[in-house]
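Chemist: The structure's right below; bear with me while I get my questions together.
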Amino acid sequence: MMIVVESMVNGALDSFLRKHEGQLTVLQLADLLSGVASGMKYLTEMGFLHRRLAAHKVLVNSSLVCKVSGFRPLQDDKIEAVYSTLHGGKSLVLWTAPEAIQYRRYSSASDVWSFGIVMWEVMSFGERPYWDMGNQDVIKAIEDGFRLPAPLNCPPSLHQLMLDCWQKERTERPTFTQIHSALSKSIRSPDNIGSSTLGRRTLGSSVSLAERTLPSFPSFSSVGEWLEAVDMGRYKDNFTAAGYCYLESVARMTVQDVLSLGITCLEHQKQILSAIQTLRAQVIQMHGRGVQV
């Protein structure tokens, strides 16, 4: 038996985004997400769970319409597939809701969590969720309340929708009907989300420094001065002891690097990570390229 399927000439969504980094407007990205949300809304209404939703499980056709793929019935004795990737391969852990990882509780709400990660992938042009963090580090960070930050130039309304998808209590997450409605309204009112093209690269936490005005990168003469500017001067010794004596090295810091500084206050971790995000963006603008991490 042969099955005839639509030709999806643009391939997987994550690869498509990386190939066209910075070439799509916010409105176009929101339209891609609306297509994914529409597909997931239909699956949910038909009584299906995806359990594996990620940008690499979404295909893009010649009209830039997204189609959800990779879903199939998953027997209880097959759920171990999620955990078999904990130590290698393209780990599903990065997209999986905490209750699904800890208790194997899959639901439409756990698919909503995964959709939030897909939103982040789309708005960051296919960047790897949680950067170079290991699976166990990601699990621990999420348990501690960490959530991915807004990608560079991502509209606050879209990042807030991501955060809603990542609510710890699954009953507090929006439904796919609500998500699709919110995205559709954004597309119909483009002034609310903007139409400029986006750059890539993010770093940090769900706390944004967008509302704060910081001096530009060249204005700081030292790491200590930068820390003082972001009200984190108390941690100068932590940075020095860890060998971060130059702003260029601070701009390259990963989430795990910050967690290893011995800073126990979660809010301070978030504030520092968000400040690094801003610093990195300034470095990118100054050099005209990304900072390798």
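The values are calculated or read from the model by the stated rules, or taken from the named source; none is laboratory data. Worth saying up front: this structure is predicted, and the values here are computed from it rather than measured. Here Cβ is always computed from backbone atoms with ideal geometry, including for glycine, and neighbour counts include all displayed protein chains.
Chemist: Report the residue count in the stretch 13-52 for those that are more than 17 Å from the chain's Cα centre (by Cα), of a type in the set (A, V, I, L, M) and not in a loop (DSSP other than H, G, I, E, B).
Modeler: Total meeting the criteria: 3.
Chemist: Being within 21 Å of GLN277 (Cβ to Cβ) and surrounded by fewer than 23 Cβ atoms within 10 Å (Cβ to Cβ) is the requirement here; does LEU92 meet it?
Modeler: So LEU92 does not fit the description; no.
Chemist: Can I ask one more? Restricting the search to the stretch 245-254, which residues are closer than 16 Å to GLN277 by Cβ and either among the basic types (Lys, Arg) or in a loop (DSSP other than H, G, I, E, B) (or both)? Full working, then the answer.
Modeler: So in the stretch 245-254, the residues closer than 16 Å to GLN277 by Cβ come out as 247-254.
Within the stretch 245-254, ARG252, MET253, THR254 meet the criteria.
Chemist: Within the stretch 124-147, restricting attention to residues that are loosely packed, with under 15 Cβ neighbours inside 10 Å and within 29 Å of GLN28 (Cβ to Cβ), which residue is modelled with the lowest pLDDT?
Modeler: We begin by selecting, within the stretch 124-147, every residue loosely packed, with under 15 Cβ neighbours inside 10 Å; these are 128, 132, 134, 136, 140, 143-145.
Then keep just the ones that are within 29 Å of GLN28 (Cβ to Cβ); that gives 128, 132.
Values: ARG128: 92, ASP132: 80.
Among those residues, the one meeting the criterion is ASP132.
Chemist: Is it the case, given these coordinates, that LEU29 is out of contact with any Lys or Arg (no Cβ under 8 Å at 6 or more places or on another chain) and either at pLDDT 90 or above or surrounded by fewer than 21 Cβ atoms within 10 Å (Cβ to Cβ) (or both)? Spell out the reasoning first.
Modeler: Values: out of contact with any Lys or Arg (no Cβ under 8 Å at 6 or more places or on another chain): yes; either at pLDDT 90 or above or surrounded by fewer than 21 Cβ atoms within 10 Å (Cβ to Cβ) (or both): yes.
Considered against the rule, which asks whether it is out of contact with any Lys or Arg (no Cβ under 8 Å at 6 or more places or on another chain) and either at pLDDT 90 or above or surrounded by fewer than 21 Cβ atoms within 10 Å (Cβ to Cβ) (or both), LEU29 comes out as yes.
Chemist: What are the residue pairs meeting all of these: first residue in the stretch 109-134, first residue under 14 Å from ARG18 (Cβ atoms), second residue assigned to a helix (DSSP H, G or I) and among the charged types (D, E, K, R), Cβ atoms under 7 Å, and 6 or more apart or on different chains?
Modeler: Taking only residues 6 or more apart or on different chains, the pairs are GLU121/ASP14; PHE125/ARG18; GLY126/ASP14; GLY126/ARG18; GLU127/GLU121; PRO129/GLU121.
Chemist: Which residues, taken from the stretch 153-173, are among the aliphatic types (A, V, I, L, M) and surrounded by 20 or more Cβ atoms within 10 Å (Cβ to Cβ)?
Modeler: Taking the stretch 153-173 and keeping what is among the aliphatic types (A, V, I, L, M), we get 158, 161-163.
The answer is LEU158, LEU161, MET162.
Chemist: Got a sec? Which of ARG289, ARG280 is of a type in the set (Lys, Arg), loosely packed, with under 14 Cβ neighbours inside 10 Å and either at pLDDT below 85 or not assigned by TED's automatic domain parsing to the domain that holds MET133 (or both)? First the steps, then the outcome.
Modeler: Numbers: ARG280 fails: loosely packed, with under 14 Cβ neighbours inside 10 Å.
On inspection, the qualifying residue turns out to be ARG289.
Chemist: I'd like the full set of residues that are touching a Lys or Arg at 6+ places or on another chain (Cβ under 7 Å) and on the phi > 0 side of the Ramachandran plot, limited to the stretch 55-70.
Modeler: The answer is GLY70, and nothing else.
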